[in-house]
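Data first, discussion second: the structure below is written as C-alpha cells.
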Amino acid sequence: GTCGSCPAGQTCNASGQCVPVCTPDCAGKQCGDDGCGGTCGSCAHGFFCQSGTCIEIQPCTPDCAGKECGPDGCDGSCGVCPPPLECSDAGQCYDPSVCSPSCAGKECGPDGCGGSCGSCPPGALCNASGRCEAAGLPDASSDAASAGESDAGGPPDGTGGWDPAAGCPPGYVWYYGKCQPASSGGDEPSGGTPGGGCVASPQAAPTPLWWTAMAALGLAAFGRRRGPPGS
C-alpha cells in the first residue's frame, strides 16, 4: 500500500514527505550544483569549478629564498630544524632556550634573534616598526636650507659667523648689521624695506698710518699749549 500521494507540483521524497518539484538549472554552467541536488558537470584534471565555470589551476612556485625551514608557499616545506631548534615565522631555525624571535605585527626587519621577519618589495623601505612603506623623496626645503648654510657658512637670517669686512656671500646683502637675502630688483633684502634705514656697507678698520698721524697732531697741540721755554 501507500501512505498517500502528493498534489500536483509536488513530489514525494525519500523520507515520505511531499516537496515542491525541482527543475534543475544548468544554463551557462560547466560544473557545480544544478539547484536540485544534482550536478551540472565536473572539471577536467588541472581545473577547478568556480561559479559554474572550470578555471585552470595556476602552477605554484615554491619560495624558500632566505629560509631554512617552514612552509614553501605550495603546501611543501623549506626544511625541518633539528631538535631542540625550532622554526621561526621567518623560516629560521633558533634555539628557544637562548632567544625567542618576535615578528608579531611585523612584515620586515630583524626578528631579534639574528633572523629576519621578511623583506620589502622594490620601491619600499622597512621602517622602525617593521612595516614596509613607500620610499619617500628628500625634503626640498630642508635640502635648500642645508645647502644655504653649507655654501654661505651660516644661517641665511643672521650674520652666522660671516666676516662683514669680507662682504656677504652671493645672493645676500649687508643690511641692518647682518647679511640678508637680496631681492631680485636691487640691494634691499627680499620681503620689503623695514621702517627707515639704509643699506650700509661694512666700515674698514683704521690703518697704522692713521694712528701715527693722529699721534703727531696730538704732540704738536700739546707743545703749543705749553709755550716756549722760560715763558
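What to note about this one:
- If you go through the stretch 6-40 and keep only what is touching a strand residue (DSSP E or B) at 6+ places or on another chain (Cβ under 8 Å), in a loop (DSSP other than H, G, I, E, B), surrounded by 10 or more Cβ atoms within 10 Å (Cβ to Cβ) and free of Cβ contacts under 8 Å to residues at least 24 places away in the same chain, you end up with C6, N13, V21, C31, G32, C40.
- Restricting C69, C49, C26, C31 to residues that are modelled with pLDDT of 90 or more, under 34 Å from the mean Cα position of the chain (by Cα) and at negative phi narrows the list to C69.
- Of the residues making up the stretch 44-64, those that are part of a loop (DSSP other than H, G, I, E, B) and out of contact with any Gly (no Cβ under 9 Å at 6 or more places or on another chain) number 5.
- Every residue from the stretch 85-115 that is over 19 Å from A65 (Cβ atoms) and free of Cβ contacts under 8 Å to residues at least 24 places away in the same chain: L85, E86, D95, P96, S97, V98, C99, S100, S102, A104, G112
- Within the stretch 78-93, not a single residue is of a type in the set (S, T, Y) and either exposed (fewer than 10 other Cβ atoms within 10 Å of the Cβ) or not in a loop (DSSP other than H, G, I, E, B) (or both).
- Boolean, S129 is under 25 Å from D63 (Cβ atoms), modelled with pLDDT of 85 or more and within 15 Å of the chain's Cα centre (by Cα): yes
The values are calculated or read from the model by the stated rules, or taken from the named source; none is laboratory data. Every value quoted in this text rests on a predicted model; they were computed, and no experiment measured them. Here Cβ is always computed from backbone atoms with ideal geometry, including for glycine, and neighbour counts include all displayed protein chains.
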